[in-house]
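Please read the structure below before turning to the comments.
The values are calculated or read from the model by the stated rules, or taken from the named source; none is laboratory data. If you're wondering where the values come from, they're calculated on a predicted model, not measured in any experiment. Don't worry about glycine lacking a Cβ; one is built from the backbone with ideal geometry, like all the others, and counts go over all protein chains shown. Calculation scope for accessible area: heavy atoms of the full protein, side chains included, ligands and nucleic acids excluded. Shrake-Rupley method; radii C 1.70, N 1.55, O 1.52, S 1.80 Å.
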Amino acid sequence: MASDFALSVPAELESALRLKAVQYFVTKRPWLDLYGINVKPVAPFGSVSRKPFVDPALIHRCLPDELLFEVFARMTPYDLGRAGCVCRKWRYTIRNPVFWRSACLKAWQLSGVVENYKVLQSRYEGSWRKMWLLRPRVRTDGLYVSRNTYIRAGVAEWKVTNPVHLVCYFRYMRFFPSGRFLYKNSSQKVKDVAKYMNFRASKAEGVFRGHYTLSDDQIEAAVLYPGMRPTVLRIRLRLRGTTAGANNRMDLLSLVTSGVNDNEVQNPDEEDILGVVEGWQDDESHNPDVPAVSHKRGMGPFVFIPFEEVETSVLNLPVEKMDYFVPG
């Protein structure tokens, strides 16, 4: 028997209350509406696969596919990677091998076109994009920086304290696809050095030119210090990356200074100094006044910094705020 105090709820109100309660348990998922919708990539202009297709996105309705293709063709590989995160259509379009082929041939132009095609087929299954991500390469869109510190004893004052100084200096390297690079040792910060790391810089600014070769992940480089006693700096490096395709770290394997004869170097600015010292032993020197020295200090790894990040890099921090840096 029902109680006299039972509350009778109309059927319409009960269904409305139940619907309102369900809203707290059912989460709205608008992305479920995308299921079953096929997004077509942008086909190259003039391709037989091009068919009229109405895209709901405003940018795709206003910008023709051939213009979008031309925009992607003028992007750097790292900008292409960022653009691929915008939508599925851009992601599929950017996988076009045309973009990655030009990037690979430019990055490994020293190997030659024929050698690059052989490597493509033998190691990377004919995929230019896979070759770009997995094959070690030297990045040319920024600077490789090695931060080194050491402790130097100071002058004692009043025989009470023995002060010490933490000295910080940097090694800078900028590579070019042509096989040349710029080298500089300085205590200046990254944002100050990046301004004149180019071939227009003079030797008064401490920027020296050299040549390098890349074999797998090994880099052989040499730079000449001209003067009364010409000295060549031989550098051996190993490329690696924190993620696939990053190539943002270089381990310094050896650093050797040796003397060279004046007859071996006729034109210091244009001479391929790497070809002169090729095959030399680590303890070999062609000038008795400049013995060969294998350096063991200042061997910190190089960290890559893109040009757009030189102003905000943590390597600009003074020693008081960052006494030690772990590149990872």
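Rundown of residues vs (1) farther than 30 Å from GLY81 by Cα; (2) in contact with a helix residue (DSSP H, G or I) (Cβ under 9 Å, 6 or more places away or on another chain); (3) hydrophobic (A, V, I, L, M, F, W, C), yes/no style:
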{"site": "ARG229", "(1), (2), (3)": "yes, no, no"}
{"site": "ASP251", "(1), (2), (3)": "no, no, no"}
{"site": "TRP280", "(1), (2), (3)": "yes, no, yes"}
{"site": "GLU311", "(1), (2), (3)": "no, yes, no"}
{"site": "MET322", "(1), (2), (3)": "yes, yes, yes"}
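Please determine whether any residue of region 147-156 is surrounded by 12 or more Cβ atoms within 10 Å (Cβ to Cβ) and aromatic (Phe, Trp, Tyr).
Step one: of region 147-156, the residues surrounded by 12 or more Cβ atoms within 10 Å (Cβ to Cβ) are 147-149.
Add one more test, that the residue is aromatic (Phe, Trp, Tyr), and what stays is none.
Within region 147-156 (the criterion being surrounded by 12 or more Cβ atoms within 10 Å (Cβ to Cβ) and aromatic (Phe, Trp, Tyr)), the answer is no, since none of the residues qualifies.
Hey, ARG137 hits all of (1) assigned to a loop (DSSP other than H, G, I, E, B); (2) surrounded by fewer than 12 Cβ atoms within 10 Å (Cβ to Cβ) but one; which does it fall short on?
Condition not satisfied by ARG137: (2).
Looking only at region 174-224, count every residue that is open to solvent by less than 60 Å² (accessible area, probe 1.4 Å), in contact (Cβ under 8 Å) with a residue 24 or more places away in the chain and assigned to a strand (DSSP E or B) and tell me the total.
Going through region 174-224 one residue at a time, the tally reaches 17.
Please state which one of LYS118, LYS106 is within 26 Å of ILE235 (Cα to Cα) and either more than 18 Å from the chain's Cα centre (by Cα) or assigned to a helix (DSSP H, G or I) (or both).
LYS106
Suppose we filter region 279-298 for residues that are under 20 Å from GLY179 (Cβ atoms) and at pLDDT 80 or above; how many remain?
Looking only at that region, the number is 1.
Is there any pair linking a residue in region 246-266 that is free of Cβ contacts under 8 Å to residues at least 60 places away in the same chain and assigned to a strand (DSSP E or B) to one that is among the basic types (Lys, Arg) and surrounded by fewer than 18 Cβ atoms within 10 Å (Cβ to Cβ), with Cβ under 7 Å and at least six apart or on different chains, and which?
ASP251/ARG238; ASP251/ARG240; LEU253/ARG236; LEU253/ARG238; SER254/ARG236; GLY259/ARG229
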